[in-house]
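Asker: Below you'll find the structure I mean.
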Amino acid sequence: MHLLLALLLCAGLDPQMQSVADHISADSMRGHLSFIASDLLEGRATPSPGLDLAAEYIAAQFRRAGLEPAGDDGYFQTATLVMREPDWDGFRMTVSVGGKTVQIDKSELYLVPDSELNLDSVPVVAVNERTRITREMVEGKVVMVTDRRRVRGLEEARPALVLVLMPELPSGPQVRDPENGRRVTRGAVMKPELAGLMTNASDPRLTLHMATAHERPVKVRNVAGLLRGSDPALRDTYVMLTAHYDHVGMRATGEDRIYNGANDDGSGTVSVIEIAGALAAAEPRPKRSILFVTFFGEESGQLGSHYYTRHPLEPLDKTIADLNLEHMGRTDATNGRQVGTASLTGYDFSDLPRIVSEAGKLVGVRVYKDSEASDAFFARSDNQPLADTGIPAHTLCVAFDFPDYHKVSDHWEKIDYTNMATVDRAVALALLQLASNAPPPKWNDSIAGARRYAEAAKKLHHE
């Protein structure tokens with residue numbers, strides 16, 4: 001008898017569960033990921049030809065599994081973004097310190113302004129992770145940050161420009177969602193070597209003149225397939241399994257320029273493909289319908305999942321849960337080796353993590369709350385836009401952080417496929433439970449961090 005099947009029989013699983021778990025293959029996912037994270041796809045930036053190739057590949061796998069096309073164009077849900085590229089004509093940037101003026105070359109920064117910049121001798125303010133930022137401190141000034149997470153929240157303080165210091169400059173164009181009407185903070189990415197000019201002297205001043213970026217529309221796509229439920233009373237309610245299939249593309253220079261994004265989030269993408277195939281082959285089919293979606297643009301601000309919530313393919317008020325997958329393949333986490341374990345963001349926010357935890361016990365996976373990362377990472381993936389609508393939505397991962405995170409060395413050969421298959425079996429069994437006639441998960445409004453989502457759920461269901 002197949003070892004996995006024997007273990008599952010010992011665990012007391014019914015034949016449907018056994019067939020689903022036995023269908024999930026480490027070798028199959030190795031094959032998928034060796035393509036999704038290959039150099040051919042050039043890091044799957046949003047937008048890029050590599051992203052389009054990945055979308056076609058995912059759609060082909062959904063088609064092979066027998067999922068119904070769930071998009072507005074077959075398996076694709078098409079959105080129009082705006083691609084923005086810098087206009088260097090007339091560019092001039094200088095830093096003045098101690099009576100000396102230093103010319104900054106365009107190769108030293110990445111800047112795609114949303115409007116014409118005409119800054120003349122504007123004061124520069126440096127902030128770090130401990131700085132308490134006030135509007136008085138930064139309004140109308142150039143703010144220099146070493147941690148790009150500090151950019152969040154700066155919009156209301158209205159700085160003249162935000163300079164983010166990073167060792168690697170982005171390459172390629174910038175994208176914007178034209179449906180998002182929020183004011184965008186003017187921001188540039190600059191090499192950290194230039195920071196010394198502005199931090200080691202009193203009263204540094206920056207002058208910058210640059211034209212508005214060139215813009216043109218571009219098409220990008222979420223990929224969606226539906227496994228129609230078998231129960232006449234429940235088939236019009238939905239469970240979602242999601243992941244983002246984009247990554248950050250290529251860097252400007254270096255021997256290895258491609259950010260392959262095998263673990264982030266090629267691993268989540270191939271897990272969705274594999275679990276979809278396993279559930280589609282199950283007999284009987286789940287009672288509720290399961291919608292499988294891979295999103296574009298997570299790395300650019302969760303663009304694909306935000307687009308989905310504005311243009312849902314199935315009714316949001318009929319969607320009972322979303323389980324989003326990230327960082328599924330690396331067991332060499334920075335906080336220690338993670339074998340046979342998985343964690344969820346916002347672990348105490350709803351009933352969904354408990355359901356996944358119970359499924360994990362059936363296949364030997366310990367699903368736990370990471371005391372440092374679980375709540376902190378809740379808003380950092382594609383579960384967040386769905387949670388904002390009121391749908392219980394969490395991200396499951398094996399390693400919140402790992403040595404090759406957002407590095408060109410995040411390669412498919414480094415994935416622990418055996419462990420990923422084991423964790424995916426737990427996810428698949430959790431989906432079977434969610435797609436049964438059991439009560440849908442609910443937000444836990446006794447937890448402060450979950451109250452806003454519980455309130456959104458009440459509005460979604462007109463309670």
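The values are calculated or read from the model by the stated rules, or taken from the named source; none is laboratory data. This one's a predicted model, so the numbers in the text were calculated from it and none came from an experiment. Reconstructed Cβ throughout: ideal geometry from the backbone, glycine too, with neighbour counts over all protein chains shown. In case anyone asks, the SASA skips ligands and DNA or RNA and just uses the protein heavy atoms, side chains included. Shrake-Rupley method; radii C 1.70, N 1.55, O 1.52, S 1.80 Å.
Asker: Subtracting the Cα-Cα distance from 0.36 nm times the residue separation, let me have the gained length for T212 to R310 in nm, one decimal.
Answerer: Working: separation 98, 0.36 × 98 = 35.28 nm, distance 2.84 nm.
So the chain would gain 32.4 nm between T212 and R310.
Asker: On to the next question. Distance from a point 7 Å along Cα→Cβ of K369 to each backbone N in the stretch 333-359: keep the residues under 19 Å and list them by number.
Answerer: Zone members listed by number: 341-359.
Asker: Could the peptides 284-291, 167-174, 377-384, 229-236 be put in order, highest first, of the mean number of other beta-carbon atoms found within 10 Å of their residues? Could you put the intermediate results ahead of the total?
Answerer: Values: 284-291: 21.8, 167-174: 16.8, 377-384: 23.4, 229-236: 14.8.
Highest to lowest by the protection proxy: 377-384, 284-291, 167-174, 229-236.
Asker: Any chance you could list the semi-axes, whole Å, largest first, of the equivalent ellipsoid that the Cα gyration tensor gives for the stretch 108-149, using √(5λ)?
Answerer: Working: eigenvalues 79, 42, 18 Å².
Value: 20, 15, 9 Å, ordered largest first.
Asker: Also: Given the Cα-Cα distance of R228 and E85 and 0.36 nm per residue of separation, how much length would full extension add, in nm?
Answerer: On the way: separation 143, 0.36 × 143 = 51.48 nm, distance 4.23 nm.
Fully extending the segment from R228 to E85 adds 47.3 nm.
Asker: Under the Kirkwood approximation applied to all pairs of distinct alpha-carbon atoms, what is the hydrodynamic radius of the stretch 422-463 in Å? Could the numbers behind the result be given before it?
Answerer: Details: mean 1/r = 0.0823 Å⁻¹.
Answer for the stretch 422-463: a Kirkwood hydrodynamic radius of 12.1 Å.
Asker: Another question, then. What ranking, highest mean first, results for peptides 416-422, 268-274 when packing means the other Cβ atoms within 10 Å averaged over each residue? Display every interim value, and only then the final one.
Answerer: Values: 416-422: 21.0, 268-274: 29.3.
Ranking the peptides 416-422, 268-274 by packing returns 268-274, 416-422.
Asker: Return, for the Cα atoms of the stretch 182-323, the radius of gyration and Dmax in Å, separated by a comma.
Answerer: Over the stretch 182-323's Cα set, Rg and Dmax evaluate to 22.0, 72 Å.
Asker: Taking amide hydrogens as modeled 1.01 Å from N in the peptide plane, which residues meet the under 5 Å criterion relative to F377, leaving out close sequence neighbours?
Answerer: Result for F377 returns G346.
Asker: Considering the stretch 14-107, what Rg and Dmax in Å follow from its alpha-carbon atoms?
Answerer: 23.5, 79
Asker: Per the 1.4 Å probe, what fraction of the accessible area of the chain, in percent, lies on carbon and sulfur atoms? All intermediate terms of the calculation are to be shown ahead of the outcome.
Answerer: Numbers: 9610 of 19500 Å².
Carbon-and-sulfur percentage of accessible area, whole number: 49.
Asker: Computed over the Cα atoms, what is the radius of gyration of the stretch 288-441 divided by 2.2 N^0.38 Å, N being its residue count?
Answerer: 1.01
Asker: Using a 1.4 Å probe and counting only protein heavy atoms, arrange E56, E413, E68 so the residue with the most accessible area comes first. Mind dumping the intermediate values first?
Answerer: Details: E56 90, E413 115, E68 70 Å².
Greatest to least solvent exposure: E413, E56, E68.
Asker: For A281 and E139, what does the FRET efficiency come to when R0 = 35 Å and r is the distance between their Cβ atoms, rounded to the nearest 0.05? Walk me through the numbers on the way to the answer.
Answerer: Working: r = 59 Å, r/R0 = 1.68.
In this case the efficiency is close to 0.05.
Asker: Quote the charge dipole size of the chain about the Cα centre in Debye, to the nearest 20; the model charges only the Cβ of Lys and Arg (+1) and of Asp and Glu (-1).
Answerer: Numbers: 50 positive and 63 negative charges, 149 e Å.
Here the chain has a charge dipole of around 720 debye.
Asker: On average, how much accessible surface per residue is there in the stretch 257-309, in Å², for a 1.4 Å probe, leaving out ligands, DNA and RNA?
Answerer: Values: 1000 Å² over 53 residues.
So the stretch 257-309 comes to 19 Å² accessible per residue, rounded to a whole number.
Asker: Here's something else I'd like to know. Please give, to one decimal in nm, the separation of the simple spin-label points placed at D351 and D120, each 7 Å out from Cα toward the Cβ.
Answerer: Those two pseudo-labels are separated by 6.5 nm.
Asker: Take the alpha-carbon positions of the chain, form their convex hull, and give its projected area averaged over all directions (one quarter of the hull surface) in nm².
Answerer: Numbers: hull surface 91.1 nm².
Over all viewing directions, the chain projects a mean Cα-hull area of 22.8 nm².
Asker: Enumerate the amide H contacts of S350 below 5 Å, restricted to partners 5 or more residues apart or on another chain; note that Pro and chain-start residues carry no placed amide H.
Answerer: Long-range HN contacts for S350: N444.
Asker: Keeping every protein chain present and rolling a 1.4 Å probe, give me the accessible area per residue for the stretch 318-463 in Å².
Answerer: Details: 5570 Å² over 146 residues.
I get 38 Å² per residue for the stretch 318-463.
Asker: A further question on this structure: What translational diffusion coefficient, in µm²/s and rounded to a whole number, does the Stokes-Einstein relation yield for the stretch 379-456 at 10 °C and a viscosity of 1.306 mPa s, taking the hydrodynamic radius as the Kirkwood radius over Cα pairs? Display every interim value, and only then the final one.
Answerer: Numbers: Rh = 15.2 Å.
The estimated diffusion coefficient comes to 104 µm²/s.
Asker: May I ask you to work out the translational diffusion coefficient for the stretch 278-376 at 4 °C, viscosity 1.567 mPa s, via Stokes-Einstein with Rh from the Kirkwood sum over Cα pairs, reported in whole µm²/s? List each step's numbers first, then the result.
Answerer: Numbers: Rh = 16.0 Å.
Rounded to a whole number, D works out at 81 µm²/s.
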